[in-house]
Each structure stands twice: as C-alpha cells, then as structure tokens.
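A.B. asks: Take this structure first; my questions come after.
Nothing in this text is a laboratory measurement; each read-out follows from the coordinates by a stated rule. Owing to the predicted nature of the structure, the values given are computational and were not obtained by experimental measurement. Here Cβ is always computed from backbone atoms with ideal geometry, including for glycine, and neighbour counts include all displayed protein chains.
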Amino acid sequence: MKFRILVAAIAAALAGCAQQPGQPAPRSAAAVQQAEVAPDRPGRLWNIEQEDCAHLVGLSDDDRSHAAMFYYGYLAARAGIRVVDTAQLERRIANAMAECAARPAMPIAQSFRAALVPQRVATRPRQ
C-alpha cells in the first residue's frame, strides 16, 4: 500500500513539472545570447586535416585564437601527448601561426604538428 502511494506521489510530482503543450522550453541567458549572435555567423564545416592556413590567417582575432588552441589540443591528443609545457605553449602556437602566415597553402594541421615537437638541444655524442 505504501509503495502505491509513493509511486502515485512521484507520478503527480513529475506531471506537475512536465512542460505543457504549446509552451516553449525555457532558455538560459547564454542560449538566448548565442541565438542572437548565430544568424550573423553561419556555421561552416572544417576538414581538420585538410583546411589550409589561408583560412586560419583570415579569421578574426578571437576566432583565430580559438581555432589555434583547438588545433594545438586536437593534435596533441592525436599524438598521445599527455603533458603540456605551458611555458612553451604561447611560443609554439606563435611559431605555428608564423608558419601559416608564411605558407598559406599549407594545411593547418601540418603547421601545428611541427609546433608540437619540442626543439631539442644538440648534444655531443658520448665517448
């Protein structure tokens, strides 16, 4: 008997919370702001491995920095890199961006792969 009362109480509570037909779902402030910005900026699909540097260099400053961080993180994960040297991060991204600016036809991924490789200091061979 108590179980049936509990089930009925839960069902009644859920029914009260259910969205009424014809009413739009409430939207968060962030969703509303994004919806206001979205019509001006249509989406575009990127082929991550083949997109060329000319497109990256031509983006707005904010979009370019977001894309650069995406590429760095994406390629680091693909390379199995689990530790990122944050002291070198800015320099490596700057190097990749400079490479892109110098070679607009180069794939972005190629430029950023080169930036992931730490510069090794030449050592003398052991005797």
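A.B. asks: Provide M97, M69 in ascending order of the number of other Cβ atoms located within 10 Å of each residue's Cβ, fewest first.
C.D. replies: Arranged by neighbour count, lowest to highest, M97, M69 become M69, M97.
A.B. asks: If you rank I108, I93 by fewest surrounding Cβ atoms within 10 Å, what's the result?
C.D. replies: Lowest to highest Cβ neighbour count: I93, I108.
A.B. asks: Relative contact order, percent, of region 53-116 when contacts are C-alpha pairs under 8 Å separated by at least 6 residues?
C.D. replies: Once divided by the residue count of region 53-116, the mean separation gives 51 percent.
A.B. asks: For region 53-116, what size does the Cα cloud have along each of its three principal axes, sorted from largest down, in whole Å?
C.D. replies: Reported extents, whole Å, longest axis first: 30, 21, 16.
A.B. asks: Hey, can you grab everything whose amide H is under 5 Å from the amide H of D52? Only 5+ residues off in sequence or another chain; H modelled, so Pro and N-termini drop out.
C.D. replies: It is I108, by chain and number.
A.B. asks: A further question follows. Hey, got the dipole for region 53-116? About the Cα centre, +1 on K and R Cβ, -1 on D and E Cβ, debye to the nearest 20?
C.D. replies: The calculation lands at about 300 debye.
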